Amino acid sequence: MKGEDKRNTQLVLPLDLTYEPKHKDLVKQHWNVTFARQGRMSVAAKRIMARVIDQIRDDDFKLRAYYQFRIVDIITDAGITKETAYKEVQGSLRELTAATWEFESLDKSEWYIRHLLDTTNYERPVGYKNGIITILLNPALEPYFVQIAHYSTYQLSNYMGLKSWYSMRFFEILSAFKDTGIWCPTVEQYRQLMDCWHEKDKRGKVKRGKEGSPKMKYPLTKDLIKYTIAEPLEELAGTNLAFSYQPVYETDRMTRGRKKITGFKFILKRKQDGKIPEFWLQHSVITQVIANLRSWKVTDKNIALYLEDVGTKAANKLVYDWQLKDNSDDRIEDRVKYCNAVFVKMGKAAQEQLKQEVEAAISGTETL
C-alpha cells in the first residue's frame, strides 16, 4: 500500500549468528558493577550477561554493535532442559531489557538512570532465533565495560555452574578480596549488595509496614543468614572461593540481653600461594603475557600475585618499555632485580587503588 511504513512489513529479524563468539576463561567486571546495589534477577539472566562480558577483550576501545552466542552456552550444567530453554531465554531477556542502572553525584545534586540493554536499534534487535541469542548493550554504559582499569576477575567455568543468584553475588564480590582473603561488610552493606534492603515501589519510594517502618526482605538477621548465606557456603565449597563466615556482634551494648549482629566476616579458605593458576595457562593471551614476563626474569610468584591487578595490556606495555630501555644507553643490568621491582611496585599500587575504590563503592560514596 502506498505510503505504508516499510518498517511494519519486515517480518524476518536478523538474529542469525553473524560471527563466531570467542569466550575467555576470565571475566572482568568493573568495581562499580560488582558493588552496585543490584536488583535480584534470574540465574539465566546473570549467565547471559556473563557470556556477553566474557567476549569483551582487554584491548577493545568500543563495544561491539551487538553480541551473540549459542543458547547451549548458558544452559549447560544449569539444570535447564531443551524443552524449557526457550521460555527461560524469553523471561531472562525481559528481565535484562527492564534492568536499569542509577547514577547519583556525591552532593545529591545530579541523578540519572540508564537501561542496561539497547532496544532502540531497529535493524538489530535484542532477541533469540534458531538457538542464537543476540544482546545489544546500551552504548552509554560503554565506560563500564570497555577499557576497564579496575576490575574483579573470576573463573567463568565455576561461575556458570552456580545455581543460586546469591551464590553468584558471593562469587563476584569475594573475587575482589583474593589478596586479603577477608570481606567484612556491615549488615546494612550486606543487605544492599544482596538485594535485601528496603523494598521500593515502581516510583522508587520505600514501602512501609503497618507500624511505619521500612519493609525489607528477611527482616530478621537469622533468616537473612539462613536464606542468603547457607546456599553460597555449599555451592562455593568446591571452588577457589570457598569461604567460612563469622557474625560480628555489637561491642558497646550497656544493657543485658543477646548482643545484636552488626556485620559479617567472610574468610576465604584458599589464600594466594604464589603459584600461577592452572587455568591461566589454558588461555593463549595470558600464557603469552606470562612468557613475556618470564623472559625478563619476573618470578612466577610475582606474576601470580600481581598480574590480575596490573592487567595483561599494562604488562605487555611494561615489557615493551623494558625492550626500549634495554636498547638505549640506559640498559637494564640486572633484570631479576630491576624488572621484579618495577612489576611489584605497579601491582601494589594497583591493589591499593582498588582497595580504596572498593571501600568507597561499598560505603555508598559511589552510587549506581
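Mind checking whether some residue in segment 133-141 is of a type outside the set (A, V, I, L, M) and at pLDDT below 90? So that I can check it myself, show each step before the final result.
Of segment 133-141, the ones of a type outside the set (A, V, I, L, M) are 134, 138-139.
If we keep only those that are at pLDDT below 90 too, we end up with none.
Within segment 133-141, none of the residues are of a type outside the set (A, V, I, L, M) and at pLDDT below 90.
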Search segment 208-241 for residues being in a loop (DSSP other than H, G, I, E, B) and in contact (Cβ under 8 Å) with a residue 40 or more places away in the chain, and hand back the single one that is nearest to ILE276 (Cα to Cα). ASN240
In segment 155-207, which helices (runs of 4 or more DSSP H) lie fully inside it and hold 1 or more residues that are open to solvent by 10 Å² or more (accessible area, probe 1.4 Å) and under 22 Å from ILE225 (Cα atoms)? 187-193
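Give me the residue from segment 242-252 that is of a type outside the set (Ser, Thr, Tyr) and assigned to a strand (DSSP E or B) and, out of that set, least open to solvent (accessible area, probe 1.4 Å). Walk me through it before giving the result.
Step one: filter segment 242-252 for residues of a type outside the set (Ser, Thr, Tyr), giving 242-243, 246-248, 250, 252.
Checking the rest, the ones that are also assigned to a strand (DSSP E or B) come to 243, 246-248.
On the way: PHE243: 5, GLN246: 92, PRO247: 48, VAL248: 60 Å².
Selected residue: PHE243.
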What residue, among those in segment 72-88 that are under 12 Å from MET160 (Cα atoms) and of a type in the set (D, E, K, R), is modelled with the highest pLDDT? ASP73
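The values are calculated or read from the model by the stated rules, or taken from the named source; none is laboratory data. As the structure is a prediction and not an experimental result, all values here were calculated from the model. Heads up, the Cβs are rebuilt from the backbone with ideal geometry, glycines too, and the neighbour counts pull from every protein chain shown. Heads up: the accessible areas ignore ligands, DNA and RNA and are worked out on the full protein's heavy atoms, side chains in. Shrake-Rupley method; radii C 1.70, N 1.55, O 1.52, S 1.80 Å.
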